[in-house]
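Written below as structure tokens is the structure these notes are about.
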Amino acid sequence: MRFERIVGGEGPPRLVGVKRVPQSPQRPARPQPEREPEPSARRARTDHGQEAPAARPEGRHVRPASVVVVSALLSALVFGIFLVSDRGPLQVKKQRVQLAKAREEVDLLEADTKRLAAEVAALRSDPRALEKIAREELNLVKPGDVVLVLPDGWEQRVRPAAPPAPAPTPR
């Protein structure tokens with residue numbers, strides 16, 4: 001039997017279907033080449049009448065255990081490369097830790113921003129808050145106020161040191 005391509009329609013030819021066409025009588029059928037027996041079936045007779053392997057040696061046999069070992073080694077190699085690659089689990093874990101730290105930092109900055117916004121609102125609306133900042137941070141005074149400037153470490157000289165704690169008594 002022979003197969004023939006069917007094309008149809010206008011434009012570039014395209015494959016529409018395949019049909020079986022009986023073989024034309026003008027062409028004789030091709031003779032099939034004779035096949036050699038399988039390599040394992042090749043045997044030769046010796047002078048003593050016993051069968052022995054043919055002159056050409058058979059192909060190398062691969063043991064199933066060696067296939068398993070090679071595939072396990074290749075799998076371990078691919079898995080190792082995956083572990084240390086830039087998208088492997090170790091890198092993902094590092095990035096998650098970095099993300100958690102960045103989120104904590106953002107939360108702290110947002111809290112600080114809210115605190116500062118509340119302080120700005122208080123300074124704009126409350127004159128006592130503005131006076132407190134002027135006195136404490138800028139060292140400003142009202143007319144008629146008396147200012148006392150104390151040296152550093154004056155608290156240790158004024159307050160006595162706390163007595164040492166009594167030693168525990170053994171029972």
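Annotations
- Take the Cα of A121, step 7 Å toward its Cβ, do the same at R87, and the gap between the two points is 4.7 nm.
- Counting Lys and Arg as +1 and Asp and Glu as -1 over every other residue whose Cβ lies under 14 Å from the Cβ of K94, the net charge comes to +3.
- For the stretch 75-166, lysine pairs separated by 8 or more sequence positions, or belonging to different chains, with Cα-Cα distances below 23 Å total 4.
Read-outs: derived from the displayed coordinates by stated rules, not from any lab. Owing to the predicted nature of the structure, the values given are computational and were not obtained by experimental measurement. Positions of Cβ are generated from backbone atoms using ideal geometry, with glycine treated the same way; all protein chains shown enter the neighbour counts.
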